[in-house]
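The values are calculated or read from the model by the stated rules, or taken from the named source; none is laboratory data. Quick caveat, the model's predicted, so the values are computed rather than measured. Don't worry about glycine lacking a Cβ; one is built from the backbone with ideal geometry, like all the others, and counts go over all protein chains shown. Side chains are part of the model used for accessible areas, which takes the heavy atoms of the whole protein and leaves out ligands, DNA and RNA. Shrake-Rupley method; radii C 1.70, N 1.55, O 1.52, S 1.80 Å.
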Amino acid sequence: MKHSFFYCLLLLVASCNTTSKKETTTSTGSNPVMSIQDYHDNSNYDDQFTGGIKMIPIQTPKGEFKVWTKRVGHNPKIKVLLLHGGPGMTHELYECFDGYFPQEGIEYYYYDQLGSYYSDQPDDISLWDLPRFVEEVEQVRQALGLNQDNFYLLGQSWGGILAMEYALKYQQHLKGLIISNMVASIPEYQHYSDEVLAPQLPPEVLEEIMVYETNEDYSNERYLNLVMEHYYTAHILRMPLDQWPNSVNRALHHTNPDVYVTMQGPSEFGIKGDATLKDWDIKNRLHTIAVPTLSIGAQYDTMDPEHMKWIAQEVQQGRFLYCANGSHLSQYDDQKTYFEGVITFLKDVDAKTF
């Protein structure tokens with residue numbers, strides 16, 4: 001049932017569905033001015049042969065596996081590690097960062113977590129465990145040579161959960177933290193979905209969806225059609241399905257259902273069943289995060305933007321970025337606001353003007 005649910009979802013999505021070197025310079029906060037040519041110069045990197053890709057060995061309770069990372073650019077003071085959502089999705093959700101970070105001189109790392117498409121995919125659900133993922137991120141940090149002088153962690157959705165948990169344990173290694181489109185409590189996320197977003201659906205649509213939810217008939221094609229057409233296009237990515245970017249469709253196609261269902265559950269209308277993240281809540285621990293933190297929320301998100309604003313107030317050094325036209329993937333449907341806010345945060349922290 002778990003696998004058929006995902007394959008039906010992916011079928012629904014699918015059915016809808018050289019520049020010269022510049023000698024100009026780019027400002028990177030307090031860094032010396034760097035030319036775009038220098039930013040893209042990989043000649044002194046050990047990953048030049050693979051175009052920035054490294055397969056990093058990860059030690060787990062079930063042995064050693066490898067995870068996929070890819071570096072873009074060079075900046076000794078601003079290095080951003082991207083934590084994708086899902087769980088079990090891929091770095092492909094972030095490919096639009098290529099349109100904004102390079103011209104700002106920001107070094108960044110794509111990364112597929114263990115179990116995701118470009119990394120090893122062991123067949124052992126005991127590995128899909130939040131504390132183990134935190135240790136995985138720490139091993140990736142060490143392998144990439146990131147430290148408190150340059151290391152920014154950006155996590156979106158599930159990646160935001162992972163980023164917060166990482167900061168709670170390892171914030172001494174961070175220069176800055178970005179929590180994108182994620183609240184600090186799954187029960188509050190579920191409440192918002194049930195009490196705020198669900199009533200916004202046409203009554204007859206909500207009634208039919210809830211029949212499938214009650215019967216746990218999550219792989220039913222009619223259920224998936226209703227959720228995709230009425231919920232996803234309103235709160236995940238505010239575009240008609242046939243206009244969703246190829247990068248998003250590939251991330252959906254490459255999702256590992258075992259990771260996703262184990263941690264998120266089979267429902268696309270919240271986190272339900274015996275999902276391991278169902279009771280996750282760290283609201284009373286946020287105040288211990290001392291590193292500069294940007295919380296990003298969107299008006300039409302599956303998450304409450306007021307809660308995401310509260311996160312910025314609760315941490316010791318917080319800022320809130322509000323995407324008035326965005327939803328859960330606001331890096332696409334409120335792109336200008338999203339990237340202007342993220343880039344400003346990175347440069348302000350780097351320049352010590354945050």
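In whole percents, the pair-distance distribution calculated for the chain from its alpha-carbon pairs, binned every 20 Å from zero, is 31, 59, 10, 0.
A helix-only calculation puts the chain at -9500 deg cm²/dmol for mean residue ellipticity at 222 nm, using -39500 (n - 2.57) for each DSSP H run of at least four residues, averaged over all residues.
Listed values for region 69-85 are Karplus-derived 3J(HN,Hα) couplings in whole Hz (6.51 cos²θ - 1.76 cosθ + 1.60, θ = phi - 60°), namely 9, 9, 8, 10, x, 9, 8, x, 10, 10, 10, 10, 9, 9, 9, 6, x, and x replaces Gly and Pro. For region 69-135, a simple Cβ point-charge model (Lys and Arg +1, Asp and Glu -1, everything else neutral) yields a dipole of about 340 debye relative to the Cα centre. Accessible surface calculations at 1.4 Å, restricted to protein heavy atoms, place the chain at 41 Å² per residue. In this calculation the C-beta distance from VAL205 to ILE53 is compared with R0 = 56 Å, giving a FRET efficiency of 0.80. Modelled this way, with points 7 Å down the Cα-to-C-beta line, the labels at HIS40 and ALA198 are 5.1 nm from one another.
Here's the picture: charge each Lys and Arg Cβ at +1 and each Asp and Glu Cβ at -1 in the chain, and of THR60, MET210, MET303 the one pushed furthest to the positive end of that dipole is THR60.
Candidate cross-link partners of LYS175 among the lysines, defined by an alpha-carbon separation under 19 Å and a same-chain spacing of 8 or more, comprise LYS77, LYS79, LYS347, LYS352. Taking amide H positions as modeled 1.01 Å from N, with prolines and chain starts lacking one, the residues under 5 Å from GLU107 and 5 or more places away or on another chain are ASN75, ILE78, VAL80. The stretch between GLN121 and ALA290 holds 57.4 nm of extra length on full extension. This uses 0.36 nm per residue minus the Cα-Cα distance.
Counting only protein heavy atoms and a probe of 1.4 Å, the accessible surface of the chain is 49% carbon and sulfur. A full extension of the chain between ARG222 and LYS278 corresponds to an added length of 17.6 nm, given 0.36 nm per residue minus the alpha carbon distance. Here the Karplus curve 6.51 cos²θ - 1.76 cosθ + 1.60, taken at θ = phi - 60°, turns the phi angles of region 189-201 into couplings of 4, 5, 4, 5, 4, 6, 9, 10, 7, 4, x, 7, 6 Hz, with x standing for Gly and Pro.
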